[in-house]
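The values are calculated or read from the model by the stated rules, or taken from the named source; none is laboratory data. Predicted, not measured: the structure shown is a model, and the values here were computed from it. FYI the Cβ positions are ideal-geometry reconstructions off the backbone, even for glycines, and counts take in every protein chain you see.
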């Protein structure tokens, strides 16, 4: 073969252009080029570094060079539109929009398929729950939320939570700790969203019944899933301290990132609130660090608290509607520092003492024996509570409960005195009523809500003119 | 600014220099190919000229030609086909009908049998007989052994599968050998008759 081709090639090289022929051919070509020059644009163009390969085009394409090029360009453009622009635009679609299907069935499915880590899958499902709920809110605000869509959203929320729970169960097989942490996160999300939806329901109670029913329908689904999830986790033990710590660190980092990103735009008050919560969290972590191995369980519980708090904070900061409908104090109550607790203790003590002395002062003026008797009873109760509070300053929560209860009693007692002054005719009835209330309060040490109820009760029982007398 | 000026002066000739460089590089090969295909020296020069002016037009239309060789061969090949059509010595369709080369036997598809076959052929004699081959075979044999293109390049160029190319080369070589042998026989015969005549 070699010999053959060599021979053949050697022989063929004898066929060549003579120098004169070559020169003439070149001249013809150059003159052709001069008569058919390149456009100025092309002359300025640099060819160096181009990587486009000239495909040996077939005769068909040569006959229609422009059509081929144009069709290639337009189909490339179409592909870009299909794969990049549409999904991008679709991200903003809400149920009922044409592009919503692309968002849910292409973007989200793709994203979900590309997530391999089970924990991340759970997170993604949680994010989808949040998305569906924000969409529902958006629709409700625009008045486009029909019952049908409501049911769909509720169904979607259910599907996503079920998916998340399924992923958690899958995770539990290999990594029980991871599963528990994931379900803490999931539960927190469900809880926050449910609270937020119910918050909306309360606000819009008088506005439109549809918003309320929507919120409740979805909130019900959330609560249902939450109780299911809690039931699933009831048997599981707390994860190891290091894993909890790692998760807490991750969440804290995310919180800081979010804080950085909203620093410019968020209202000052919200920023102060959020910063305060972050400080609380930092202090909790600090106290976890101080706990040694003997207090492992306590540390774990604290860390779970940290994770819940950070999770709530993340949702608070990322979901605008949650921010607007939920009071941060009810979502994540402030944790007081020792100094603050001390100040609070002395404030409360002073307040209680003031009220007690006020009662003592005013009860002297009461002539009615029955009422005096009741007042004396209340006063002795109050003094007892005060003494009890003073002895329990070490445990702030116990102290706070006692003092709050005592303050309620004090307020009620003061109310009785006021009522007595204004409406001496009904004094006996009021005294009876108040005394029972006071003793209830004393027993339960209940908080502020019952105070208002009692107030309303008292107001209803007394004559119509008493409105202005309250406080 | 001065730098820009330099750059643009430099790039003015970018297309042109590349094109003229391709001319210097490939004019001989293209001329040889054309000559062997159409057996007409003057016409072959014209075809080479037309090939380059066509390619220049493509460049002017904004085509980016990265690799000149396959593109030049493609254009030249199309021009040669046009030339055949003009001559109508033999209709191309009829030519294609003569031999159905769509499927080849296993033997014909193997490159090694091509080598074995080629080893039995005298290259010098074969070159002389190229002209006598039907263009279908001449084309692939010239492309393969004169222009030294690979089977894939040839396949891209004449838009046939690589298998078809292999079969054609194989059959072309066989034909060449037959022709050489018959020529040798004829020469032998001729010598013998001459010798006989002498003795008489």
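Restricting A:225, A:229, A:215, A:236 to residues that are under 18 Å from the mean Cα position of the chain (by Cα), closer than 30 Å to residue A:158 by Cβ and modelled with pLDDT under 75 narrows the list to A:215. Taken as a whole, region B:117-136 holds at least one residue that is at pLDDT 60 or above, over 15 Å from residue B:178 (Cα atoms) and away from chain A (no Cβ under 14 Å).
Note on region B:57-72: among residues that are farther than 13 Å from residue A:36 by Cα and assigned to a loop (DSSP other than H, G, I, E, B), the one that is farthest from the chain's Cα centre (by Cα) is B:62. Take residue B:46 and decide whether it is more than 7 Å from every other protein chain (Cβ to nearest Cβ), at pLDDT 90 or above and either more than 18 Å from residue A:12 (Cα to Cα) or touching a strand residue (DSSP E or B) at 6+ places or on another chain (Cβ under 6 Å) (or both). Judged against the criteria, residue B:46 is a match. Among the candidates A:92, A:43, the residue that is modelled with pLDDT under 75 and more than 57 Å from the chain's Cα centre (by Cα) is uniquely A:43. Against the condition part of a helix (DSSP H, G or I) and at pLDDT 80 or above, how does residue A:101 come out, does it pass? Against the criterion (part of a helix (DSSP H, G or I) and at pLDDT 80 or above), residue A:101 does not qualify. The conditions of being within 30 Å of residue A:329 (Cα to Cα), without any contact (Cβ under 8 Å) to a residue 60 or more places away in the chain and not assigned by TED's automatic domain parsing to the domain that holds residue A:310 are met by residue A:142.
If the condition is being within 7 Å of another protein chain (Cβ to nearest Cβ) and under 23 Å from residue B:139 (Cα atoms), then region B:12-43 contributes B:23, B:27, B:28, B:31, B:32, B:35, B:36. On the stretch given as region B:137-157, residues that are within 10 Å of another protein chain (Cβ to nearest Cβ) and outside any loop (DSSP other than H, G, I, E, B) total 8. Residue check: is residue A:52 facing chain B (nearest Cβ under 7 Å) and at pLDDT below 85? When the stated conditions are applied, residue A:52 passes them.
Summed over region B:35-51, residues that are under 16 Å from the mean Cα position of the chain (by Cα) and assigned to a helix (DSSP H, G or I) total 11.
Checked against the criteria, residue B:54 counts as outside any loop (DSSP other than H, G, I, E, B), in contact with a helix residue (DSSP H, G or I) (Cβ under 8 Å, 6 or more places away or on another chain) and at pLDDT 70 or above. Checking each residue in region A:383-403 for being crowded, with 18+ Cβ neighbours inside 10 Å and either within 40 Å of the chain's Cα centre (by Cα) or not assigned by TED's automatic domain parsing to the domain that holds residue A:342 (or both) picks out A:389, A:399, A:400, A:402, A:403. Do the conditions hold for residue A:34, that is, is it farther than 30 Å from residue B:120 by Cα, out of contact with any helix residue (DSSP H, G or I) (no Cβ under 7 Å at 6 or more places or on another chain), more than 7 Å from every other protein chain (Cβ to nearest Cβ) and surrounded by 11 or more Cβ atoms within 10 Å (Cβ to Cβ)? Judged against the criteria, residue A:34 is not a match. Within region A:1-17, the residues that satisfy the criterion of being more than 7 Å from every other protein chain (Cβ to nearest Cβ) and within 14 Å of residue B:30 (Cα to Cα) are A:13, A:14.
Checked against (1) at pLDDT below 85; (2) within 22 Å of the chain's Cα centre (by Cα); (3) surrounded by 12 or more Cβ atoms within 10 Å (Cβ to Cβ), residue A:352 meets all criteria but (2).
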